[in-house]
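Below is one structure, written out as structure tokens; the observations come after it.
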Amino acid sequence: MIGIGESFALASAFAWGVAVILFRLSGQQLGPFALNLFKNVLLLVLLVPTIVLAHGAGWPDISWQHWLILLLSGVIGIGIADTLFFRALNALGPSRTAIGSMLLSPFVILLSFVFLGERLGVWQWLGAAITLAGVALVNWRRAHPLEQGPDQQGLWALVAAMALMATGIVTAKPMLESDPFIWAVQIRVIGGVASMLLLMLVQGRLTAVLGEFRRAQAWPRTVTASFMGTYVAMLLWLAGYKYADASIAAVLNETSAVFVLILAAVFLKERLQAHQWLGSLVAAAGVLIVVAN
């Protein structure tokens with residue numbers, strides 16, 4: 001029977017898939033940095049009433065050491081990692097970035113093995129490998145002869161982003177398990193937003209970002225997409241790591257690519273190729289093996 005942590009991880013992947021479709025329907029409203037900043041500030045605001053409902057209005061019983069670790073986790077996993085991720089997205093394009101993002105799972109598995117003492121069984125290793133192979137097959141496409149090769153700086157930025165994202169979540173996992181959950185999420189977001197604001201001021205991008213906000217249109221769809229992609233997906237994502245082994249949660253999160261594919265076919269009328277259908281079935285089989293063992 002599938003556990004609650006695995007259920008949260010799969011639900012997070014689905015919520016992120018819905019958010020991606022909403023972003024596509026709303027069009028390009030903001031640049032990557034501005035959009036990321038907006039989503040995280042929105043999450044920061046929405047978590048305040050969520051904390052009151054979940055934990056009450058009192059100050060949390062969280063040690064200052066855990067505060068520092070969670071803030072650092074947010075700086076690494078949200079501020080720095082997301083900035084590098086969007087740099088890679090601009091350089092490599094969505095297809096290569098989607099495939100390269102699969103590095104997150106191996107990094108999480110490795111760091112969880114070293115620092116959290118997690119161990120996967122033979123069947124779980126097999127299921128993880130099958131899931132990742134299925135996701136790779138979904139995102140695979142034949143390169144055009146005239147297409148330029150991947151930007152090397154973008155490639156290294158993507159590798160660094162996945163490594164830092166994995167570092168952030170593995171660092172925060174013990175706090176997510178022991179401290180008030182929504183408070184732990186909020187502290188991570190505070191660290192991430194603070195680092196992004198500092199980076200924006202240091203780089204002198206405040207005027208440019210504010211200009212993007214003023215020019216943006218179709219805010220209802222952008223807000224809805226941000227709500228699904230940041231508030232709903234983020235809480236489910238971290239809940240998956242709280243209640244399941246980080247290694248398992250990371251693998252199940254990779255199925256977001258499959259959900260995006262299926263939702264795009266249904267709502268955007270995109271035609272699926274044979275290898276994409278096959279990849280979806282392979283990834284689903286891998287998920288079943290992982291959660292069954």
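Taken over the stretch 202-244, the residue count meeting the criterion of being in a helix (DSSP H, G or I), of a type in the set (Gly, Ala, Ser) and touching a residue at least 12 places away in the same chain (Cβ under 8 Å) is 6.
Can we say Arg141 is at pLDDT below 80, open to solvent by 60 Å² or more (accessible area, probe 1.4 Å), farther than 15 Å from Asp245 by Cβ and under 21 Å from the mean Cα position of the chain (by Cα)? In short, no. Does Arg188 satisfy being buried (at least 16 other Cβ atoms within 10 Å of the Cβ), more than 19 Å from Gly5 (Cα to Cα) and either modelled with pLDDT under 95 or in contact with a Ser or Thr (Cβ under 7 Å, 6 or more places away or on another chain) (or both)? In short, yes.
Considering Leu268, Leu263, the condition of being open to solvent by less than 60 Å² (accessible area, probe 1.4 Å), closer than 19 Å to Val20 by Cα and touching a helix residue (DSSP H, G or I) at 6+ places or on another chain (Cβ under 6 Å) is satisfied by Leu263 alone. Looking across the stretch 221-278, the residues that are over 30 Å from Asp179 (Cα atoms) and of a type in the set (Val, Ile, Thr) come down to Thr222, Val258, Val260, Ile262, Val266. The residues in the stretch 149-172 that are under 18 Å from the mean Cα position of the chain (by Cα), open to solvent by 10 Å² or more (accessible area, probe 1.4 Å) and not aliphatic (A, V, I, L, M) can be counted, and the count is 2.
The values are calculated or read from the model by the stated rules, or taken from the named source; none is laboratory data. Just so you know, these numbers come straight off a predicted model, no measurement behind them. As a convention, Cβ positions derive from the backbone with ideal geometry for all residues, glycine included, and neighbour counts pool all protein chains shown. We work out accessible area using only protein heavy atoms, side chains counted, and drop any ligands, DNA or RNA first. Shrake-Rupley method; radii C 1.70, N 1.55, O 1.52, S 1.80 Å.
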